[in-house]
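Following: one structure in structure tokens, then a few remarks.
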Amino acid sequence: MGLILFLIYGLIVGAVAKWIVPGEGPGGILGDIVVGIIGAFIGGWLAATFFHAGYAGWSLSGFITSVLGAIVLLFILRAISGRRSAV
């Protein structure tokens, strides 16, 4: 059950990050939400590692950290995909 809740949480974080970051990513809306899930995981892991934040339950600081992780990952992937040139 924890994995399902984590995925739902990641979907919400991914949707919020997609709403904040302008433009369209290389995978469309669904790709941005998947990137949001991955970014939420990375952001949550970094918060737990460096700030000793727990994974138990929902918290505002965990949500903000997850959204920031997703936003950073979206910006990085859009910058990388924007540099590709058509051959």
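Of all residues in the range 1-21, exactly one satisfies the criterion of being assigned to a loop (DSSP other than H, G, I, E, B) and at pLDDT 75 or above, namely VAL21. The residues in the range 19-34 that are surrounded by 20 or more Cβ atoms within 10 Å (Cβ to Cβ) and closer than 19 Å to GLY62 by Cβ can be counted, and the count is 1. Only one entry of ILE37, ILE71, ILE42 meets the criterion of being surrounded by 10 or more Cβ atoms within 10 Å (Cβ to Cβ), modelled with pLDDT under 80 and in contact with a helix residue (DSSP H, G or I) (Cβ under 6 Å, 6 or more places away or on another chain), and that entry is ILE37.
The values are calculated or read from the model by the stated rules, or taken from the named source; none is laboratory data. Predicted, not measured: the structure shown is a model, and the values here were computed from it. Glycine gets a Cβ as well: all are built from the backbone with ideal geometry, and neighbour counts include every protein chain shown.
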